[in-house]
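The block underneath contains the structure these notes are about, expressed in structure tokens.
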Amino acid sequence: MIKTVSTTPYTDQKMGTAGLRRKSKVVVQPNYVENFMQSIFNVIGDLQGKTFVVGGDGRYYNDVAIQKIIKMAAANGVSRLIIGQNGFMSTPAGSNIILKNKADGGFILSASHNPGGINGDFGIKYSNHTGGQIPSSISDQIYQQTLNIKEYKICDTEDIDLSKIGKQELCGMEIEIIDPVVDYVEMMENIFDFPAIKKLFQNGFTMRFDAMNAVTGPYAIRIFEEILGAKKGSVVNYNPLPDFGGLHPDPNMVYAKELVDYMYSDQAADFGAANDGDGDRNMILGKKFFVTPSDSLAIITDNFCYIPAYKNGIYGVAKSAATSTSVERVAHAHNIGYYEVPTGWKYFVNLMDSKRITFCGEESFGTGSAHIREKDGIWAVLFWLNIIAATGKSVEEITTEHWQKYGRSYYVRFDFEGVDTNVADKLMESLEAKLPSLKGQTINGYQVSEAGAFVYNDPVDHSSTKNGLIIRFNDGSRIVYRLSGTGSSGATIRVYLERYSKADLHNDPLKMLTEIFEIAMAVSEIPERTGKHQADVVT
Ligand code: G16
């Protein structure tokens, strides 16, 4: 039976960089999920004949929210839902299922790399038929709906059993429960040279993959251990848990500590990797060696010839403005297209759909290609394994040879977390006003060549987006400032520093960036305005 329920709006349902992300305690409020979902359905309009994909990373409240979404989809006239067994599906697998089934969109219940549990975060990522997350023009319409919502529709029925693979029906809507791993594995087998990677493991190569008690565990066990033959036990923390077992599933040097400690010990495997909560982010490590995400993108792009799916050529490559310029040099060397977009994977979608780019990546541990429209953690890990299998070189050798060929972009990101929103907004405002006057000035020995807001004009839909502020110096060094769009409370100021060197390849990044850090702090007045003299997280 379909029920129409009266509700009152919440005023905080504006989506950020990637969907809606809030504290779990906020999301569990009465009608919070219902209001948001009904607003989406209202903006889509006629749902007859439409198919959506639903899944999540298994975090706290996934099980409750998914039942609400199923019952609301049925009540609003959706024709078909494709759902991951037990509600599990990684973000990249979801994008694949949307594209493969020509679905009209999908919902992945995840706050990505943010911690889970009742004291953590919850989120909903909404993609359209492209398999990528909706553009800001649509999320703005949804936000307007959330501010005016008065009622929602829901099917008044028992919860659906999500454990049984196969088809069911609910209020006239078809529900198909699928194994979320099968199609994803098939896609990876069609991209990479699995026999070569298998041989690598047969020859004694070792790896450790940390799934951080999040969604990629089952994917990683199937691919790395069962299919490719990595030693049993190579995949750790493989059980998706509602609170990620207390881990903060953000694959970086700070939060993937267990893996980092292991890879920097004398027992280290040949190769180390981690993924985040919903499986779209990745971190790559060698023995006592870390590859920055910006370098990883550059190395992947430079080595496309080793991968069966790309060996005949790639269209081009894109990065977010905050990502280091290392991939730019590779793009020029290969004479392929090169684009710089705002932070947010959704900005790559038009470039992929219009065949301008094949690869893209971001400093925030995201790398991917046009095989889907989301970043893809396991794809990046397989790409590295495939390069290693093809070249016989270690992660460190591949990376240092890359630096010898192209020079090195020393790169570090500093996050100032928990800043009062008004303070952060004012800081960015006055910094933006000040930047144009810096042009031509020499600060701390560095001459400013350009300074101002980063503005992206999309070559496909001609939309214009302003995101972050950039100071460029004559020697190629850069400072980028942005406010994070994925937090769930307060503001996080991100400061991204980069310095290029052609000759000095093996120095300490923090040391190389000391002067630029001083400039970044002095110009922005972060210490004075926030009271923070040091960053909370440095990656
Ligand atoms: C999301 C987006 C990414 C973006 C990242 C960081 O990732 O999909 O494109 O780079 O947020 O955003 P911010 O710097 O605004 O916090 P994810 O993995 O959280 O979905």
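Each reported figure results from applying straightforward, stated rules to the coordinates on display, with no laboratory input. As the structure is a prediction and not an experimental result, all values here were calculated from the model. When we count neighbours, we look across all protein chains shown, and the Cβ atoms used for this are built from the backbone with ideal geometry, even at glycine.
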Given Pro180, Phe244, Phe209, which one lies farthest toward the positive end of the charge dipole of segment 148-250, if we put +1 on the Cβ of every Lys and Arg and -1 on the Cβ of every Asp and Glu? Phe209
For segment 274-352 and segment 405-474, what is the separation of their Cα centres, given in Å? 21 Å
Once amide hydrogens are built 1.01 Å from N within the peptide plane, the residues lying 5 or more places from Val53 or on another chain with amide H under 5 Å from its amide H are Ile82, Gly105, Gly106, Phe107
As an exercise, use a Förster radius of 35 Å and the Cβ-Cβ distance of His462 and Glu432 to find the FRET efficiency, rounded to the nearest 0.05. 0.90
Which whole-number value in Å³ per residue fits the convex hull of the alpha carbons of segment 1-72? 122 Å³
Over the alpha carbons of segment 447-539, what is the largest minus smallest coordinate on each principal axis, giving the biggest first in Å? 42, 34, 22
Virtual spin-label span in nm between Lys102 and Ile165, 7 Å along Cα→Cβ: 2.5 nm
Of the trypsin sites (Lys or Arg not before Pro) in segment 435-481, those whose Cβ has at most 16 other Cβ within 10 Å and which sit in DSSP loop: Lys439
Please check which bits of segment 1-43 a label hung off Val64 would reach, taking the label as a point 7 Å along Cα-to-C-beta and the cut-off as backbone N under 11 Å. 24-33
Largest first and to the nearest Å, give the Cα extent of segment 91-149 along each principal axis. 36, 29, 17
Counting every Cα pair in segment 207-343, what percent are over 22 Å apart? 47 percent
Can you compute the FRET efficiency between Lys288 and Tyr315 using 1/(1 + (r/R0)^6), with r the Cβ-Cβ distance and R0 = 45 Å? Round to the nearest 0.05. 0.80
Isolated Cys in the chain, by beta carbon distance under 4.7 Å: Cys305, Cys360
Glu151 to Met253: extension gain in nm, 0.36 nm per residue of separation minus the Cα-Cα distance? 32.2 nm
Okay, helix-only estimate at 222 nm for the chain: each DSSP H run of n ≥ 4 adds -39500 (n - 2.57), divide by all residues, round to 500 deg cm²/dmol; what do you get? -9000 deg cm²/dmol
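Using 0.36 nm per residue, how much length does the chain from Ser394 to His129 gain when fully extended, once their Cα-Cα distance is taken away?
91.5 nm
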Could you quote the convex hull projected area for the chain, Cα atoms only and averaged over all directions, in nm²? 23.4 nm²
Going by how many other beta carbons lie within 10 Å of each one, how would you line up Phe224, Phe122, Phe454, Phe244, fewest first? Phe454, Phe224, Phe244, Phe122
Pairwise label distance in nanometres, Glu518 with Asp243, each label 7 Å out on the Cα-Cβ vector: 4.5 nm
So if the hydrodynamic radius of segment 46-115 is defined as the Kirkwood radius over C-alpha pairs, what does Stokes-Einstein give as its diffusion coefficient at 10 °C and 1.306 mPa s, in µm² per second? 130 µm²/s
Count the DSSP beta bridges whose two residues both fall in segment 237-368, then state the antiparallel fraction as a percent rounded to the nearest 5. 60 percent
Beyond 19 Å (Cα-Cα) in this structure, taken from Lys257/Lys287; Lys434/Lys532; Lys434/Lys466; Lys3/Lys68; Lys68/Lys153; Lys25/Lys375, we find Lys434/Lys532; Lys25/Lys375
Explain nothing, just the number: dipole magnitude of the chain about its Cα centre with +1 on each Lys and Arg Cβ and -1 on each Asp and Glu Cβ, in debye rounded to the nearest 20. 500 debye
Could I have the simple spin-label model distance between Thr8 and Lys232, label points 7 Å from Cα toward Cβ, reported in nm to one decimal? 5.8 nm
Please give the length that would be gained between Gln447 and Asp183 if that part of the chain were fully extended, namely 0.36 nm times their separation in residues minus their C-alpha to C-alpha distance (nm, one decimal). 89.9 nm
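Beyond 17 Å, what percent of the Cα pairs of segment 346-413 remain?
56 percent
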From zero outward in steps of 10 Å, how is the percent of C-alpha pairs of segment 122-191 spread across the bins? 13, 26, 38, 20, 3
Measuring from a point 7 Å past the Cα of Thr206 along Cα-to-C-beta, which residues in segment 220-237 have an amide N at less than 13 Å? 231-235
Considering only the chain, what is the antiparallel percent among its DSSP beta bridges, to the nearest 5? 70 percent
